[in-house]
1. Would you confirm whether any residue within the stretch 422-431 is in contact with a helix residue (DSSP H, G or I) (Cβ under 7 Å, 6 or more places away or on another chain) and without any contact (Cβ under 8 Å) to a residue 24 or more places away in the chain?
2. Could you identify the single residue in ILE458, ILE430 that is more than 30 Å from GLN478 (Cβ to Cβ) and of a type in the set (Val, Ile, Thr)?
3. Where residues in the stretch 468-486 are modelled with pLDDT under 80 and open to solvent by less than 40 Å² (accessible area, probe 1.4 Å), which of them is farthest from the chain's Cα centre (by Cα)?
4. Given the residues ALA149, ALA189, which is the only one that is more than 11 Å from LEU62 (Cβ to Cβ) and open to solvent by less than 70 Å² (accessible area, probe 1.4 Å)?
5. Restricting attention to the stretch 206-220, and to residues there that are at pLDDT 70 or above and of a type outside the set (A, V, I, L, M), which single residue is surrounded by the most Cβ atoms within 10 Å (Cβ to Cβ)?
6. Restricting the search to the stretch 52-106, which residues are closer than 30 Å to LEU202 by Cα, among the hydrophobic types (A, V, I, L, M, F, W, C) and modelled with pLDDT under 85?
7. Starting from residues that are more than 34 Å from the chain's Cα centre (by Cα) and of a type in the set (A, V, I, L, M, F, W, C), keep the ones in the stretch 248-266 and report whichever is least open to solvent (accessible area, probe 1.4 Å).
8. Can you tell me which residue among VAL166, VAL158, VAL154 is within 28 Å of GLY191 (Cα to Cα) and either touching a His at 6+ places or on another chain (Cβ under 9 Å) or open to solvent by 50 Å² or more (accessible area, probe 1.4 Å) (or both)?
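The values are calculated or read from the model by the stated rules, or taken from the named source; none is laboratory data. Note that the structure is predicted; figures quoted are calculated from it, not measured. Methodologically, a virtual Cβ is constructed for each residue, glycine included, from the backbone with ideal geometry; neighbour enumeration extends over all protein chains shown. Side chains are part of the model used for accessible areas, which takes the heavy atoms of the whole protein and leaves out ligands, DNA and RNA. Shrake-Rupley method; radii C 1.70, N 1.55, O 1.52, S 1.80 Å.
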Amino acid sequence: MATTGLEAEPKKLASSVGEFVGANATYYTREFDRIQSATKFLWTWNTMAALVGPLWGPARGLWGYFWTFIVLELLALVQIGRGLWGDLGAEKMARAENLIERSDDLYAKGQAALENREADAQGLITTAGNLKRAAARLVEQAELAAAQATELLVIGLVLFAALRIVQGFYANLAYEKRYLQWRGDPLVASGLNWQVAAFGALLWLAIVPLTLYRFTVSKPHELITKFPMDKQVFTPLANEMESWFDWLATHGAGVFDGITHSIRTVLDGLEVVLVETPWPVVMLVIVVTAWRLAGPRIAIFTAASLAYLAVLGLWEVSMATVALLGAAAVICFIFGIPLGIWFGKNERAYSISLPVLDFMQTMPAFVYLIPIIAFFGTGKPPGVLATVVFGMPPVIRLTALGMRQVPEGTKEAALAFGCTRSMLLRQVEIPLAMPSIMTGVNQTILMCLSMVVIASLIGAGGLGKNVLEALQYAAKGQGILAGLAILFCAMVIDRVIQGHYKRTAGGVA
């Protein structure tokens, strides 16, 4: 009799699952079939996973499972260890003993001074009594901490048992997802691999005992708590780097001064336009520009934002901030968008630039100020440069992403209809990548905004200086009002740019 399709499908699943799991194929075939046939959440139990815990993951190729549950179980095991043999009150008891010794010493000195009728005798005796009372409070706290051992032990045991139950219920679900990945990619590890399981066991032995020792012993060995290194390495290396910075600053002074002068010229011009020009003129021009570029709604928002700045007396510092923010953002766009287009079309150039972009984006912002000050001094131009370094990566990354997402079929069709490489870039690739490019513009403006306060640390001034002063003197109201002013400045710039793009893309302008 010929096998029907309904009969052939379970056999096909059993063969496929058996090839994937290797050992215990019958059990996993049944459970995978139940999981795939379920229309709602299914309770499925794996006894082996519940018994061996995280070690079941490496044996089946589930390293994410291993690392997740080994960290969670460590939390439970630490509580169990602290409850069983952890000396919870040892630190407070040691401090109490130290205070008692100091108290006895001061009391003896006070008694001797009292016998000699010295003026400070009563003060010594009073201090000794205060120290003894503090020691008594520490002893009470140590006893309370020691009494929590049983509570910690129970919490750890309950948490450990709960995690093993969770692993028992979750293991088959995770393994079935791994099976589906294997169906799509045969290179995914399959079967029961005892060598990998042994490696996972070695990792467990390297992680769990040391962690338990660190958190349960009152005074662990220094090899566990401190990295064995020569402390004399840091200072010579720091001195060598400082000498290198000094040499570069001296020999490259002409280049650095030229860059500083160029940026200062641009900033001075912007400040003349925005600050020195009568404020009604500036406000009117900005609102009308917003109306023409982005529409009436953005113009109303712009007018309200500018009114906020003017009414609160923040007009001049706000315009100085807009000049700084605008100069930094324009530099980011002038260099970032062409670089992003190049990186999007040249994979090798993009792969070389990735470490540099990662460095620019992940290095703490305060660290940028060190070489900036060393090479360019302090003031507004160095503040602009620090902002540029921090704000340029998003527009480069997102422009490159947009260029790479242009469909190859579209480009081939354009070339087939006689489009030149230049026309392809200007009329096909850039328009299709524009949503991603505009997202990069938005993120760069926000990044530049976030550097306004930090740049004020090196004399950039503007609203960032107001926020910095508010932090120094705990002037909460001043800080919030100045922060809102910074927010409105950035929102106006972003809304006008984004609004103009949307109107142009929609055929309104």
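1. Checked the stretch 422-431: at least one residue is in contact with a helix residue (DSSP H, G or I) (Cβ under 7 Å, 6 or more places away or on another chain) and without any contact (Cβ under 8 Å) to a residue 24 or more places away in the chain.
2. On inspection, the qualifying residue turns out to be ILE430.
3. ALA475
4. Matching residue, one of ALA149, ALA189: ALA149.
5. In this case the residue turns out to be THR216.
6. LEU84, TRP85, LEU88 - these are the residues of the stretch 52-106 that are closer than 30 Å to LEU202 by Cα, among the hydrophobic types (A, V, I, L, M, F, W, C) and modelled with pLDDT under 85.
7. Per the stated criteria, the residue is ALA253.
8. VAL166
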